[in-house]
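What follows is calculated from the coordinates using simple rules that are stated; it is not laboratory data. From a predicted model like this one, the values you see are computed outputs, not experimental measurements. Don't worry about glycine lacking a Cβ; one is built from the backbone with ideal geometry, like all the others, and counts go over all protein chains shown.
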């Protein structure tokens, strides 16, 4: 009875908010939801490919040419960083509309479930933010996504990494500059040092994959724990 009453109160509160601050679809502008049913259909998984050269391989692994330089095993993503996908990321990450993470996590969970067997020992690891940036933004978008995906698929979420370097925004740099900017930005957390990752597959969770510099640096630190494999899972690939 108590839970039902709280649910009703929340529903009333949401209705009041919608009255004064109506939602409009990020895709077409229709009132009612941030993403209407028609535009939601546009958010679908694209063909997986080599993270470096985009050569389609339906598995997300690095091709033979780029495998040697890879620090993780492959990339899973939903779609390209354009159109409604780009608007979802921007409004969630920079406008603080956390409600959008529900939709993003749902489709990310579908991609992950389609590419791994249920018996795989997966551990979701969000890419951390430097404490000052997290304080300024108020949340870590990668952690929210990881937690929601974990709830959907009943998978453990572990904050195994700490960000110990205040890096500048990666968006303004070339690939080489990104590598230099993110170098030595991570270390294992206290939990990460204690956790036994042997025979487990790490899934690094982030919102967007651009050059892979951040994910590569994070994977380099996690490799010290000798996991079975390390994969990246993002909503978009630039």
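For segment 178-218, the Cα-based Rg and Dmax, in that order, read 12.1, 32 Å. The helix-only estimate of mean residue ellipticity at 222 nm for the chain, built from DSSP H runs of length n ≥ 4 each weighted as -39500 (n - 2.57), is -12000 deg cm²/dmol after division by the residue total. Below 8 Å, C-alpha to C-alpha, sequence gap of six or more: please give me the relative contact order for segment 106-238 in percent. Computed over segment 106-238, the figure is 29 percent. The angle between the Cα long axis of helix 100-115 and the longest principal axis of the Cα atoms of the chain comes to about 50 degrees, rounded to the nearest 10.
Does segment 124-165 classify as rounded, prolate or oblate by the C-alpha gyration tensor (a ≥ b ≥ c root eigenvalues; a/c under 1.5 gives rounded; else a/b over b/c gives prolate, otherwise oblate)? Note, shape of segment 124-165 comes out oblate. Out of 228, 93, 148, any idea which swings most in a Gaussian network model of the chain, alpha carbons joined below 10 Å? Judging by the Gaussian network model, the answer is 228. Could you calculate, for the chain, the ratio of the Cα radius of gyration to the Kirkwood radius, expressed as Rg to Rh? Result: Rg/Rh = 0.98.
The Cα atoms of segment 95-145 define a convex hull whose projected area, averaged across directions, is 4.2 nm². Residue ranges 71-79, 156-164 sort as 71-79, 156-164 when ordered by packing (mean number of other C-beta atoms within 10 Å per residue, highest first).
Please state the shape class of segment 47-165: rounded when a/c is under 1.5, otherwise prolate if a/b exceeds b/c and oblate if not, all from the C-alpha gyration tensor. Rounded, since a/c falls under 1.5.
Relative to the dominant Cα principal axis of the chain, helix 2-20 is inclined by about 80°. Can you tell me the 0 to 90 degree angle between the C-alpha axis of helix 141-153 and the longest principal axis of the chain, rounded to 10? Between the helix axis and the principal axis of the chain, the angle is about 80 degrees. Ranked for footprinting exposure by Cβ neighbours inside 10 Å, fewest first, 125, 111 give 111, 125.
Look at 200, 86 and count the other Cβ atoms within 10 Å of each Cβ; fewest to most, that gives 86, 200.
Take 214, 234, 167, 201 and order them by how many other Cβ atoms sit within 10 Å, fewest up front.
In order of increasing Cβ crowding within 10 Å: 201, 167, 214, 234.
For segment 74-116, go through all pairs of different Cα atoms, get the mean of 1/r, take its inverse, and jot down that Kirkwood value in Å.
Result for segment 74-116 stands at 11.0 Å.
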